[in-house]
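Have a look at the structure below, then the notes.
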Ligand SMILES: Cc1ncc(COP(=O)(O)O)c(C=O)c1O
């Protein structure tokens, strides 16, 4: 018997990987499933980005291995993007590392900084990958509470009371997934001071700052941030390029070069055409963001109607690609989503996928057309 490694014994298959198989089975049995579960943008990428990808196939070096650090023009594009949209100055030579999506960055950062037995502060609720990667590396997740009453921000007094001795990394993610909460200026100052005080690397995972959000924020804009912070960002949601796999890591040279030491031993560069397309996407004008958000505004208004139809409540000021909705008292998230799937053939995500503090909530994705959401409303 060939046994899998011990580290896999604490890591389950990703919820969506399992659930989408079940949903596919229902579909194959003829059920008219509406999928409002997953956040995979269904809109088109910028036209010019797709054209550049296509045209670049004939370039001389298009099919060769690429630099581990990406094309210089891509790093420059990322640096300009940060200057234009976040007012953050980054050296394209030393403070920018293109990634194949931000998800891989979570693994690379963790591999660069964690030893077995180290601890990692992880938001509850939060993106499940932070905890699974931590466990894969035999480090220990320490979940910190995010509560609606505190606008889904951590309680720093409670954090200070923890045993922080072996904590190496703290994951934060604003605009927050799944709740859509935005953080205040005060929060960013506090978390940077916390990281400095305890020698903890603060990583802000920032893929949603352009979705239904008027004021995109980078943690690197704040004082002293470069001393203790890294930021992940992504083209997946901002430019509807989730399947392309393009993201970025930004921050100070020492941290970036540690991550590059891991990454350069794991892949052999990003496909040339994808980098060319990404460079073009990053140049999009304000018009792109306006028209993207006008679609999401209309969809969100419909999803609110759907949520109301299911007796749920929600925060109208939230950002991001989802509506995070509160169930009527005493209802359990998974029972509720299973029932909605069974009765209405609508797949939505139970809040508990994101941690125990997601109990009593569900998450609706905005990655479906208005017609589809209207059909869902008609069903409930
Ligand atoms: C909070 C958060 N971080 C990171 C990711 C990964 O995005 P990507 O790897 O496509 O850049 C996602 C995707 O759903 C996410 O919700």
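Among the residues of the stretch 175-194, those that are more than 16 Å from the ligand (Cβ to nearest atom) and surrounded by fewer than 23 Cβ atoms within 10 Å (Cβ to Cβ) comprise 184, 185, 186, 187, 189, 190, 192, 193, 194. Residues in the stretch 343-374 that are touching a strand residue (DSSP E or B) at 6+ places or on another chain (Cβ under 9 Å) and surrounded by fewer than 15 Cβ atoms within 10 Å (Cβ to Cβ): 356 alone.
Test residue 88 against the stated conditions and say whether it is within 16 Å of the ligand (Cβ to nearest atom), more than 15 Å from the chain's Cα centre (by Cα) and surrounded by 19 or more Cβ atoms within 10 Å (Cβ to Cβ). No; evaluated as a whole, the condition is false for this residue.
Every test in (1) out of contact with any helix residue (DSSP H, G or I) (no Cβ under 9 Å at 6 or more places or on another chain); (2) surrounded by 19 or more Cβ atoms within 10 Å (Cβ to Cβ); (3) more than 26 Å from residue 324 (Cα to Cα) is passed by residue 115 save one, and that test is (2).
Here residue 80 meets each of (1) buried (at least 17 other Cβ atoms within 10 Å of the Cβ); (2) part of a helix (DSSP H, G or I); (3) more than 16 Å from the ligand (Cβ to nearest atom); (4) touching a residue at least 60 places away in the same chain (Cβ under 8 Å) with one exception, condition (1).
One residue alone among 214, 227, 254 is more than 11 Å from the ligand (Cβ to nearest atom) and under 25 Å from residue 285 (Cβ atoms), and that residue is 214.
Filtering the stretch 159-167 for residues that are in contact with a strand residue (DSSP E or B) (Cβ under 7 Å, 6 or more places away or on another chain), more than 15 Å from the ligand (Cβ to nearest atom) and either assigned to a strand (DSSP E or B) or in contact (Cβ under 8 Å) with a residue 60 or more places away in the chain (or both) leaves a non-empty set. Does the stretch 130-145 hold any residues that are at pLDDT 95 or above and within 13 Å of the ligand (Cβ to nearest atom), and which are they? If the condition is that a residue be at pLDDT 95 or above and within 13 Å of the ligand (Cβ to nearest atom), then 130, 131, 133 are the ones that fit. Screening 204, 224 for residues that are free of Cβ contacts under 8 Å to residues at least 40 places away in the same chain and buried (at least 24 other Cβ atoms within 10 Å of the Cβ) leaves exactly one candidate, 204.
Residue 329 meets each of the listed conditions (1) in a loop (DSSP other than H, G, I, E, B); (2) more than 20 Å from residue 35 (Cα to Cα); (3) modelled with pLDDT of 95 or more apart from (3). Only one entry of 126, 101, 105 meets the criterion of being buried (at least 20 other Cβ atoms within 10 Å of the Cβ) and under 26 Å from residue 325 (Cβ atoms), and that entry is 126. Between 31, 61, the distinction of being touching a helix residue (DSSP H, G or I) at 6+ places or on another chain (Cβ under 8 Å), away from the ligand (no atom under 16 Å from the Cβ), in a loop (DSSP other than H, G, I, E, B) and modelled with pLDDT under 95 belongs to 61 only. Test residue 210 against the criterion of being within 17 Å of residue 171 (Cα to Cα), surrounded by fewer than 24 Cβ atoms within 10 Å (Cβ to Cβ) and in contact (Cβ under 8 Å) with a residue 40 or more places away in the chain, and give yes or no. No; evaluated as a whole, the condition is false for this residue.
The set of residues from the stretch 293-326 being surrounded by 14 or more Cβ atoms within 10 Å (Cβ to Cβ) and in a strand (DSSP E or B) comprises 314, 322, 323, 324, 325, 326.
The values are calculated or read from the model by the stated rules, or taken from the named source; none is laboratory data. None of these values were measured; they are calculated from a predicted model. Virtual Cβ from ideal backbone geometry, glycine too; neighbours counted across all protein chains shown.
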